[in-house]
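A short worksheet on the structure shown next.
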Amino acid sequence: MDYFLQNFPQQLVNGLETGSLYALIALGYTLVYGILEMLNFAHGDVYMVGGFLAAGVAGLFVHNGVTAIPAGLVVALMAIASMGGAGLLGVAIERVAYRPLRNSNRLAPLITAIGVSLFLESIVEVQVSPAPVLVPSNALVPQTVIRVGSVATPFMGLTLLVVSVALMFALDVFVFRTQFGTAMRATAQDREAATFMGIDVDRVIVVTFLAGSALAGMGGLLFGLTFATVNFFMGFLIGIKAFAAAVIGGIGNVRGAMVGGLFLGVLESMVGGFISTSFQDTFAFLALIVVLLIRPQGLFGQPLTDRA
Amino acid sequence: MVQPRILVLVAMASVGLAACGSSTPGTAANKPDKVQIAAEGPFTGDEASIGEGALRAIKLAVKDFNKAGGVHGTSVNLVVYDDNHNPQTAATQQAAGISDPTVLGIVGPMNSGVVLSTIQGLQGANPPLPFVTESASAVKVTDQGNTVAHRVNARDDQQGPADAKFMIDKQAKKVEVMDAHSDYSTALADIVAKYLADHAPTITVQRDTAQHGQTDFRTIVQRINAFKADWVFFADEGPEAAPFVQQLKSAGLTIGQNIQFLGTDGEDDATIITSSQGAFLNAYASNITPDPASVPSAADMITRYKAEYGADSISKAGPFYGSAYAAAQVLLQAIANSPVNNGKISRADVLSHLASDTFQTVLGPVKYNSKGDVTSVAIGLFQAKGTDMVSVKSITG
């Protein structure tokens, strides 16, 4: 019991940090599902591309651990590249791969999404790097460890949590407090009726992909700066976990995705910390099954549309 | 009167032998039409840093062998199977060799997991396709009774005890034993944990498992912190080491200061020092082959390697370039010792010679036991210093 009490706060913080990354990516799944009712399995790889774009910018300005321009400026450029690049990539994927299939049966875009995912992984592996690429975080972000009582976390761990939560709130405000968010929710509720009401549905869909993919790009940047590495395969497992988080929270529900991500991260941390590190993934997906058995609609249940 | 009869008998016997083809190693007059061997390993992908150097060494071994006359005057053609550390890719590539009788053997595969997933295909081929791996160390590679399996490196049950003994000798008290959830690493970590329990009961062991490709180790690092480990043993093929040691450092555990680290062959890789932004410095890593630089008979090979690939190429050659060269030598010598019948060499004969012959390699003589293991092997111990993995000592197992 002592062991549990001593280690619980630290594992909770670890879990929240990991979970905030899951949540950031889960938002992309849930936004697209809410609007189009399709599972964009390429989303994890958009996150991977965001990480590589950030690493690429870092590579331009950091040599042998020394930055050519102020570190803050490099990080800002990395953020612009990863969010902007990933956002545009998401829009391009929608335009090229999904829009032509919008009125086909539901299986076609799903299979296309898997194809896009494999395409992105392969192209990065072959054209960029098959091996992990270093993100020189030592030169870019403080390496200080923040300590509160018995809990310690590196600066980037806390930054990951804070930035992710801030972006989640920003998205929540965007979806539920702005005119465009209302248009998004209207489109999610009934695409045809939204068109009759004068909503440019194509524009709504493009913005949805842009926002979701930009968040994933930011996730890639935060991951790179936290773990100092990116690799072409990094979007696979985290994509599946983020998808699981979105389903646990109630797919299509923005707040559900946030809570689902944090829940999954904390669960993994607790299982790894107090049961067995071998079973972290097992429990994560077991949780998905249990939640679906008890609440098939997910923890938050209501889709994006009903929250208007 | 007797002499002419003897001469006639000798002449008849000669004709008969010639008709049957030679049963001894071929001659220039009876040289094989085509001889091919394959090099297989993760030459691209997440383990390219260990595969690239091995492939270069195999290419060099084939070049040196051909320069010395090849197989009775026939140059050996090297085909490359880049399995990308993926059993499915490996099986697809091996299928081409299995169906081509001029492919007489494989140098590789390098990863135990790949070997164990594909060995039945190689054994089931007609005739079976032999392989000599330079780095697959899982016990099961040669313990399953497959005649195709050979290696020049040590086994896990030789490396594991050597690793455990090293930590015992270094006065370890609390050892975190980790694997990366693969055929190779899980078996090796289990052997180390068992050896510590059996031979040093005062040492406390905590056992953890990372996932292949894992980058977030904070949960495990917290467990290590709570356990107050003074040593971490991480059986890993390499890719996970850099983020792991960085997170150890972020949590206040600096290798060489308040914690010691012993990795395995994949972590005997100087690129981890850079990719971990220096957090790997002072870490130890054991290798299932000795450092070629510490073996006098490998000096000429190292000189040729540098001449072929550049003066600084050894520092990027990875942990298996010496064993890869030696494995290629074993296979090529077995082929050269095999009989040539009608311009062809049979894989069955190559297998037979692999089982019976003694081979001279840059790392010393190789003679296989009935399983396909080398009876006497050396295990190298290295430490991350500056920008290199520096040889600390060599243990003969």
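The values are calculated or read from the model by the stated rules, or taken from the named source; none is laboratory data. On a predicted model such as this, the values are computed, not experimentally measured, just so you know. Ideal geometry is used to build each Cβ from the backbone, glycine not excepted, and the neighbour counts take in all protein chains shown.
Points worth noting:
- From the options A:A245, A:A214, residue that is in contact with a Phe, Trp or Tyr (Cβ under 6 Å, 6 or more places away or on another chain) and either assigned to a helix (DSSP H, G or I) or surrounded by 15 or more Cβ atoms within 10 Å (Cβ to Cβ) (or both): A:A245
- Among the conditions (1) aliphatic (A, V, I, L, M); (2) more than 14 Å from chain A (Cβ to nearest Cβ); (3) free of Cβ contacts under 8 Å to residues at least 40 places away in the same chain, the only one that B:L78 does not satisfy is (3).
- Qualifying residue in the stretch B:300-323 (condition: crowded, with 24+ Cβ neighbours inside 10 Å, over 22 Å from B:G69 (Cβ atoms), within 14 Å of chain A (Cβ to nearest Cβ) and under 20 Å from the mean Cα position of the chain (by Cα)): yes
- Per the conditions (1) free of Cβ contacts under 8 Å to residues at least 60 places away in the same chain; (2) within 26 Å of A:G84 (Cβ to Cβ); (3) within 12 Å of chain B (Cβ to nearest Cβ), the sole criterion not satisfied by A:V207 is (3).
Conditions tested, residue by residue: (1) within 11 Å of chain B (Cβ to nearest Cβ); (2) charged (D, E, K, R); (3) under 21 Å from the mean Cα position of the chain (by Cα).
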{"position": "A:T226", "(1), (2), (3)": "yes, no, yes"}
{"position": "A:A245", "(1), (2), (3)": "no, no, yes"}
{"position": "A:I251", "(1), (2), (3)": "no, no, yes"}
{"position": "A:V254", "(1), (2), (3)": "no, no, yes"}
{"position": "A:G273", "(1), (2), (3)": "yes, no, no"}
{"position": "A:A284", "(1), (2), (3)": "no, no, yes"}
{"position": "A:L292", "(1), (2), (3)": "no, no, no"}
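- If the condition is being under 17 Å from B:Q94 (Cβ atoms) and either in a strand (DSSP E or B) or of a type in the set (A, V, I, L, M) (or both), then the stretch B:127-147 contributes B:L129, B:F131, B:V132, B:T133, B:A136, B:V141.
- From the options B:K194, B:K249, residue that is in a helix (DSSP H, G or I), free of Cβ contacts under 8 Å to residues at least 60 places away in the same chain and away from every other protein chain (no Cβ under 11 Å): B:K194
- Among the residues making up the stretch B:340-386, those that are of a type in the set (G, A, S) and within 20 Å of the chain's Cα centre (by Cα) are B:A355, B:G364, B:S370, B:G372, B:S376, B:A378, B:G380.
- Subset of the stretch A:125-152 (residues that are assigned to a helix (DSSP H, G or I), more than 9 Å from chain B (Cβ to nearest Cβ) and loosely packed, with under 15 Cβ neighbours inside 10 Å): A:Q127
- Of B:F280, B:F233, all but one fail to be more than 11 Å from every other protein chain (Cβ to nearest Cβ), part of a loop (DSSP other than H, G, I, E, B), closer than 22 Å to B:H181 by Cα and in contact (Cβ under 8 Å) with a residue 60 or more places away in the chain; the exception is B:F280.
- Selection from the stretch A:1-27 of residues that are more than 11 Å from chain B (Cβ to nearest Cβ) and at pLDDT below 90: A:M1, A:L5
- Any hit, the stretch B:198-205, residues being crowded, with 24+ Cβ neighbours inside 10 Å and in contact (Cβ under 8 Å) with a residue 12 or more places away in the chain: no
- 1 or more residues closer than 26 Å to B:K165 by Cβ: qualifying strands (runs of 3 or more DSSP E) within the stretch B:315-397: B:364-367, B:378-385, B:388-396
- Looking only at the stretch A:153-168, and only at residues there that are more than 10 Å from chain B (Cβ to nearest Cβ) and of a type in the set (S, T, N, Q), the one that is nearest to the chain's Cα centre (by Cα): A:S164
- The C-beta contact set for the stretch A:47-58 (first residue in a helix (DSSP H, G or I), second residue acidic (D, E), distance under 8 angstrom, 6+ apart or interchain) comprises A:M48/A:E121.
- Check on A:E268, more than 15 Å from the chain's Cα centre (by Cα) and within 13 Å of another protein chain (Cβ to nearest Cβ): yes
- Residues of the stretch B:152-175 that turn out to be buried (at least 24 other Cβ atoms within 10 Å of the Cβ) and among the acidic types (D, E), as a count: 2
- Total residues in the stretch B:197-211, condition at the interface with another protein chain (Cβ under 8 Å from one of its Cβ atoms) and either in a loop (DSSP other than H, G, I, E, B) or small (G, A, S) (or both): 2
- A:T305 passes every criterion in (1) part of a loop (DSSP other than H, G, I, E, B); (2) modelled with pLDDT under 90 apart from (1).
- Residues located in the stretch B:212-229, provided they are within 19 Å of A:M234 (Cα to Cα), facing chain A (nearest Cβ under 7 Å) and surrounded by fewer than 21 Cβ atoms within 10 Å (Cβ to Cβ): B:G213
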